[in-house]
Ligand code: AHR
């Protein structure tokens, strides 16, 4: 991969007569991509671009929801209007709620009916705070309608009952008269919402009940049996609580023991973290830490490939989706904030995680059909941060918005030969890419260059298509550590990209260091 490359020493004299020598690497167009523009068969599900909203820190309370009595923050039934507008612009397709670990402590009936009559609860996983249950099922599902997003509800298996979860489905989905639909109507909602996506527990191997995979598989079968769609939602997609990272045995046990007609999806969680005991700052990090996080983000390629291979053994027709319903970067909380609230800033490093990971998901669209970035607002790798009446969009938001051109488009297979991003004795592929053709026939390519210092020249060829024009947008900044703050909310924004042009039939692109680019070809 490092062929066609010439290295020579370059010395120069700095002010103050200090002689400095640096190794300059002269590169030619070493990266090559071939897009098979007439070979598209698979749809990239828009739900790969999903998000996650847990009752954790200020994701729900103060993030999405400020209560309908808020005088200073414009809202619709308590949900911030600025948040709704931003998420709609980003085209949020699906939102997972209420957890996370919280889901297996949540009793949904405590969150319906008059708000002043609802019991409170203690959020035992996240900061031990007392919540008043003012944001419940109606609030979430009505909010999803406002956002134009599919709701994805995580059911409580750890401390709930089969009856409780089956009642929840009846409450949200049943059209005719039934105990739960009557209760729904009494609470002000006559028409059902038709919730399709249901998680049966979360991290059942850990905070969801510390179960072993065989035991959980049986639990899943029991819950799934009683979760009818009540003939109204076009079929439920029941999603099994999945593996952590490389626990392929977990996936294998579920695939082996759960009948495929009971299984819509199998989940998997992977966070990009340096060391669970020493995660490091979100904004004050070295190149070594950046490289470490990129290594973790790249791990997603191996994880989805290997989990998908296990699934292929039992489900060669790929009926069951791999649902990566938690992913993203995880660092130390911002200094001075509650350690249980997982509030972290979001830098260009996070933009690189997002660009890279979304390219991986697109290229595995045959199996990965739902994914949820953790988490939407004020928690972990957020797309939005709020501070009272102020709201900012993070670099990750901009990547999600730039990549939304792929939602429900046809994946175009591509072959990529990339130079390496070398750090010390280690290396990673510098360039990642994915391509699709949308319903109007427009082709898009998204590209990332994760190299912290070197730009990458890429030569892109297309088989089976000819294009006349190329335009694009780029997200980058001066420093990898740069981020948008409440003081400088627009420091990192996508701008027009002029580094792509056709030459002798190929598209020649020059990607600056740590940049994310989307190209439109017509
Ligand atoms: O996203 C934060 C937590 O990470 C979730 O609650 C849990 O599922 C995972 O361990």
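The values are calculated or read from the model by the stated rules, or taken from the named source; none is laboratory data. In this text, all values refer to a predicted model and were calculated from it rather than measured experimentally. When we count neighbours, we look across all protein chains shown, and the Cβ atoms used for this are built from the backbone with ideal geometry, even at glycine.
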Name the residue, out of 385, 447, 428, that is within 30 Å of residue 78 (Cβ to Cβ) and either outside any helix (DSSP H, G or I) or outside the structural domain of residue 341 (by TED's automatic domain parsing) (or both). 385
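Under 26 Å from the mean Cα position of the chain (by Cα), outside the structural domain of residue 337 (by TED's automatic domain parsing) and outside any loop (DSSP other than H, G, I, E, B), is that true of residue 84?
Considered against the rule, which asks whether it is under 26 Å from the mean Cα position of the chain (by Cα), outside the structural domain of residue 337 (by TED's automatic domain parsing) and outside any loop (DSSP other than H, G, I, E, B), residue 84 comes out as no.
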Of the residues that sit in the stretch 428-443 and are more than 20 Å from the chain's Cα centre (by Cα) and over 23 Å from residue 295 (Cα atoms), which one is surrounded by the most Cβ atoms within 10 Å (Cβ to Cβ)? 443
Residue check, residue 504 against (1) under 22 Å from residue 37 (Cβ atoms); (2) touching a strand residue (DSSP E or B) at 6+ places or on another chain (Cβ under 7 Å), all met but one. Which one? (2)
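Considering each residue of the stretch 146-163, count those that are touching a strand residue (DSSP E or B) at 6+ places or on another chain (Cβ under 9 Å) and more than 16 Å from the ligand (Cβ to nearest atom), and give that number. Reasoning before the result, please.
Taking the stretch 146-163 first, the residues touching a strand residue (DSSP E or B) at 6+ places or on another chain (Cβ under 9 Å) are 146-147, 149-155, 157.
With the extra rule that they be more than 16 Å from the ligand (Cβ to nearest atom), the set shrinks to 146-147, 149-151.
So the answer is 5.
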Go through (1) crowded, with 24+ Cβ neighbours inside 10 Å; (2) within 13 Å of the ligand (Cβ to nearest atom); (3) within 25 Å of residue 82 (Cα to Cα) and name the single condition residue 343 misses. (1)
The stretch 138-161, residues that are touching a helix residue (DSSP H, G or I) at 6+ places or on another chain (Cβ under 7 Å), closer than 18 Å to residue 224 by Cα and surrounded by fewer than 17 Cβ atoms within 10 Å (Cβ to Cβ): 159
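Name the residue that is nearest to the ligand (Cβ to nearest atom), counting only residues in the stretch 182-219 that are part of a helix (DSSP H, G or I) and under 24 Å from residue 124 (Cα atoms). Don't jump to the end; show me each part of the working.
In the first step, residues of the stretch 182-219 are kept if they are part of a helix (DSSP H, G or I); the result is 182-186, 213-219.
Subset that is under 24 Å from residue 124 (Cα atoms): 216, 219.
Working: 216: 15, 219: 17 Å.
Restricting to residues being part of a helix (DSSP H, G or I) and under 24 Å from residue 124 (Cα atoms), the top hit is 216.
One line per residue, one yes/no per condition, for (1) more than 16 Å from the ligand (Cβ to nearest atom); (2) more than 21 Å from residue 123 (Cβ to Cβ); (3) in a strand (DSSP E or B):
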position	(1), (2), (3)
328	no, no, yes
336	yes, no, no
358	yes, yes, no
371	no, yes, yes
381	no, no, no
Please verify whether the stretch 114-137 includes one or more residues that are assigned by TED's automatic domain parsing to the domain that holds residue 401, within 26 Å of residue 231 (Cβ to Cβ) and out of contact with any helix residue (DSSP H, G or I) (no Cβ under 7 Å at 6 or more places or on another chain). no
Among (1) closer than 20 Å to residue 94 by Cα; (2) crowded, with 20+ Cβ neighbours inside 10 Å, which single condition is residue 419 missing? (1)
Does residue 237 count as in the same structural domain as residue 52 (by TED's automatic domain parsing) and in contact with a helix residue (DSSP H, G or I) (Cβ under 9 Å, 6 or more places away or on another chain)? no
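Please go through the stretch 401-412 and give me each residue that is touching a helix residue (DSSP H, G or I) at 6+ places or on another chain (Cβ under 8 Å) and either crowded, with 24+ Cβ neighbours inside 10 Å or in a loop (DSSP other than H, G, I, E, B) (or both), ordered by number.
First, the residues of the stretch 401-412 that are touching a helix residue (DSSP H, G or I) at 6+ places or on another chain (Cβ under 8 Å): 401, 403-404, 406-408, 411.
Correct list: 403, 406, 407, 408.
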Could you tell me whether the stretch 307-319 includes any residue that is within 14 Å of the ligand (Cβ to nearest atom) and at positive phi? no
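Are any residues in the stretch 87-124 assigned to a loop (DSSP other than H, G, I, E, B) and either within 15 Å of the ligand (Cβ to nearest atom) or under 22 Å from residue 384 (Cα atoms) (or both), and if so, which ones? Break it down stepwise before answering.
Residues of the stretch 87-124 that are assigned to a loop (DSSP other than H, G, I, E, B), as a first pass: 91-93, 98-100, 106-107, 112-114, 118-120, 124.
Across the stretch 87-124, the qualifying residues are 91, 92, 93, 98, 99, 100, 106, 124.
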Every residue in the stretch 274-295 that is touching a residue at least 24 places away in the same chain (Cβ under 8 Å), within 22 Å of the chain's Cα centre (by Cα) and not in a loop (DSSP other than H, G, I, E, B), please. 290, 291, 293, 294, 295
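Looking for whichever is touching a helix residue (DSSP H, G or I) at 6+ places or on another chain (Cβ under 8 Å), under 30 Å from residue 377 (Cα atoms) and either free of Cβ contacts under 8 Å to residues at least 40 places away in the same chain or surrounded by fewer than 23 Cβ atoms within 10 Å (Cβ to Cβ) (or both) here; the options are 298, 314. Which one fits? Talk me through it step by step, then tell me what you get.
On the way: 314 fails: under 30 Å from residue 377 (Cα atoms).
Exactly one residue qualifies, and that residue is 298.
Considering only the stretch 465-486, state which residues are out of contact with any strand residue (DSSP E or B) (no Cβ under 9 Å at 6 or more places or on another chain) and at pLDDT 95 or above.
Kept after step one, since they are out of contact with any strand residue (DSSP E or B) (no Cβ under 9 Å at 6 or more places or on another chain), are these residues of the stretch 465-486: 466, 478.
Within the stretch 465-486, 478 is the sole residue that qualifies.
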Among (1) away from the ligand (no atom under 16 Å from the Cβ); (2) not in a helix (DSSP H, G or I), where does residue 127 come up short? (1)
